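Below is one structure; the comments refer to it alone.
Just so you know, all these numbers are worked out from the coordinates, no wet-lab data involved. If you're wondering where the values come from, they're calculated on a predicted model, not measured in any experiment. Glycine gets a Cβ as well: all are built from the backbone with ideal geometry, and neighbour counts include every protein chain shown.
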Amino acid sequence: GAARPPPRSDRTTHRLRDPRLFFQPASGQMLGLAQLPEEGGGGLTIYGTKGRLMRDCSIPAMLVQPRRVITNDAVLLHFHGGAYVSGNLLQSRMVISPIASAAQLHGVTFDYLLAPDHPSPAPLQDAMEAYLLVLRSGPRPECTSFVGERAGGNLPPSHAPKHPDTGQTLPPAS
């Protein structure tokens, strides 16, 4: 019969069970960083943007500011991918930064609670908290667009015209 592959080391097996152990350091490696920066790399310039942690919220969130902004009245709210089991502010920033820079709009990205420790509906609740955070910072719902990739593309609560608990109007664009 066919030879069996050698058993995986405990480290490899653990990394496969918890993808965060792989993806978190990989984010820093993609930027050529020896170690992950504190607080999601807020001080780094990435694709011509600066990041600033948003401190007035219950979830980790970051405002991404391009060099040129055509209006302060609109914002892109980014929902990161990662199959609901991985992702962080640095990874999110690497995705939303070139989009915000090209659109010349502010972006906001956030860290949502991840499975398996926090199963659904925790990510959706964090997504709504991020949206309400954006609205508290100024932009009207009609000036907010949702941007998401992979699993994050399924997170925006844009399927409903109003939030079921608060009655808050949701944006028309996503």
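Miscellaneous remarks
- Spin-label pair Q104/N154, simplified geometry with 7 Å Cα→Cβ offset, distance in nm: 3.7 nm
- Hz values of 3J(HN,Hα) by residue in segment 77-87 - Karplus curve (6.51, -1.76, 1.60), Gly and Pro given as x: 9, 9, 10, 6, x, x, 6, 6, 10, 8, x
- Residue-by-residue Karplus 3J(HN,Hα) for segment 99-110, coefficients 6.51, -1.76, 1.60, Hz, glycine and proline x: 5, 4, 5, 5, 7, 6, 10, 5, x, 10, 10, 8
- Residue-wise HN-Hα coupling along segment 138-149, computed from phi with Karplus coefficients 6.51, -1.76, 1.60 (Hz; x: Gly, Pro): x, x, 7, x, 6, 10, 10, 10, 8, 10, x, 10
- Annotation: amide H-H contacts under 5 Å for E149 (H modelled 1.01 Å from N, sequence separation of 5 or more, or interchain): F79, G81.
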